[in-house]
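Values quoted throughout were computed directly from the atomic coordinates according to the rules given, and no laboratory measurement underlies them. Source: prediction; values computed, not measured. A quick note on method: Cβ atoms are made from the backbone with ideal geometry, for glycine too, and the neighbour counts reach across all protein chains shown.
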Amino acid sequence: MTRPSAVRFGDSGCATGRDKSVLFRGSKSTGFPPKDKSKTLTAILVRVGPVAALALALAASGCRSGGTGKREVWAEVNGHAIYRDEVESYYRRRLPTGEQAISAEQALSIKLDLLSELIDTELLLERARKAQILVSEAEIDHQVATLSSPYSPQEFQKKLADDGLTAAGLREQIRQHLLVEKLLDREVRSRLNISPGEVEAYYHNHEVQFSVPETRYHLAEILVTPGHDPALRNLRQSDAVGRAAAERKVLMIERELRAGQDFSKLAEQYSEDPATAAGGGDMGFVPASSIASDTRLRLAVNAMRVGQLPGVVRDDKGNYHILELLGREEGGLRPLSDPGVQKSIRETLMSEREQVLKAAYLQDLRNSAKLKNQLANRIVQAAGNPAAVN
């Protein structure tokens, strides 16, 4: 059986849903900068998962099948080997570019930590297999579509190539990630509980966090522009070019909304804002001051109500904004009774508690496994001298 390679994903979930913490991410009409599109696919993958052990795309899969000769084993997990070349590959991908050179001792310490992450990866995936957790092809398809949506097909293939990934390799990384997500949902997150008393105590101890300096609007947007934008990315690669085409597109989207279609889905498919389309058009909370200079936009947002059908605003630059008001917060201290405050506190406490339980869960898996960390043993035998280890 081939040992799964380690992939690093971040702590936000698998690139689905809306990022509520982002403040007015780059709309072409506002002058705010768009998201950095120069990052590698690895940098994108870092945002889409919960476990540090699922670390860097293709940390090992490229090494397992390549090369000749005897490979050096650095660890064993229930009989499955983790090789030095896997850790070295992982290390090269994790090492920041342009940083000052690090010492041999620092490099060895980092490699020991990365090996520990790879061990955790194997333990989690092995546990998921024993629990008979399955991931469907449709689930993988959805994640691939989400990851690729900010790019043209050619750009996405280049991102894969830059990270040494094939399309099949990416699908396997996503499958492994989703297996671990489902495992943690079942055996870690389902056990977490936050009491009302804990929420109240947190609020009173952190009131400054819930003070809003000015009115702000939680907005979602579908942007349609009459100009061609080479950076445009949406699921349908839909780009209206010319005033007439833009107006037809706006009318089509309005019809879909009146028919009951989901705003976020339409934003993913049609929005021409590369910064928000992949997130369902969610712009996060927008301070009133950030739209004060655009009279049409400011008046339209002030007149909107939560729950009403989205409205269309043509800004001073001739772009069309189909806007949905998801929430409004007035300046001042938000009360504990505010559902948004309650939700925020619960998410914070749940995240903190999840980290503790996750760490203990991983240690418990280690306790019941047959582990051999040859690298750690060699470092001890060499009294920490990198030259003696290599």
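Some notes on this structure:
- Cβ crowding within 10 Å ranks 146, 166 as 166, 146, fewest other Cβ atoms first.
- Over 25 Å between alpha carbons, listed pairs 70/111; 70/372; 70/158: 70/158
- Ordering of 379-387, 321-329 by burial proxy (mean other Cβ atoms within 10 Å per residue, highest first): 321-329, 379-387
- Across all C-alpha atoms in segment 214-330, the radius of gyration and Dmax reach 13.4, 39 Å.
- Put simply, the amide H of residue 282, placed in the peptide plane, has neighbours under 5 Å in 221, leaving out anything fewer than 5 places away on its chain.
- Each residue of segment 187-196 is assigned a 3J(HN,Hα), and the resulting list reads 10, 10, 5, 5, 9, 7, 8, 10, 7, x Hz, derived from the Karplus form 6.51 cos²θ - 1.76 cosθ + 1.60 (θ = phi - 60°), x at Gly and Pro.
- Derived scalar couplings between HN and Hα for segment 148-157 equal 8, 4, x, 10, 6, x, 5, 5, 5, 4 Hz in order, rounded to whole Hz, by the Karplus curve 6.51 cos²θ - 1.76 cosθ + 1.60 (θ = phi - 60°), x for Gly and Pro.
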